[in-house]
1. Work out how much length T126 to S183 would gain on full extension: take 0.36 nm times their residue separation and subtract the Cα-Cα distance, in nm to one decimal.
2. Would you list which aspartates and glutamates come within 17 Å of K191, measuring only between C-alpha atoms, while excluding same-chain residues fewer than 8 positions from it?
3. Using 0.36 nm per residue of separation minus the Cα-Cα distance, give me the extension gain between E146 and K95 in nm, one decimal.
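Values quoted throughout were computed directly from the atomic coordinates according to the rules given, and no laboratory measurement underlies them. The model shown is predicted, which means the values in this text are computed figures rather than measured ones.
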Amino acid sequence: MKATTKVKRSLSLSIVSAIFLSLMNFSTLGSIAETRNSAASSVPSISQLRINLRGSYYKASGNQFIEGNEQIRGIHPFECVEFAYGRAIERGLFKNKQGIGAVLNGDAHTWDDRIADSSYRSRLKTQVRANSFVVWEANLQVQWREGNMTYTHTTDPTAGHVAFVEKVYPDGSFLISESSRNSPPSIRLIKSQNPLVKAAKFIYL
């Protein structure tokens, strides 16, 4: 009888332990799933990405685009070409007026053309990658829905737009840092289903 009682107690403890471990595993898996799902929906700040807007790469002394545009800038500090070019230098991907940076000039929508006509033509892609420029043509107009909301995006009618790709997620969504004459430097999430993705060209750095 004593032996039987011990076996029953042992079995009961095993069952309880198994249930407890299962619940723990389920809870852990749930946390991981939530983290993975939220990763592509949380947008970091400029400071969290360690973007130093006071760095030399965002000044005329270290950024050829600021040298050219500083007299025509509005109330916001950077045109899109100024910011994107500076961000690439800040990340150590090239130096001002050197390497692939020496090829880039002019309005944003011409950057892909300049690369296509240079020795760096193999860097021009249609697939997103971190540490690249993303270029959109001038006067591009796209519209899409997310849930119950409809969004419309239009690029500059003459200059187009360029931004810097900070991070790419497994589902194809990606983070960009950008600026424009109408808004200060900011971070934006481009979701994989957004028609802007198909309209984009990428310059690998």
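1. 17.9 nm
2. E146, E166, D171, E178
3. 14.4 nm
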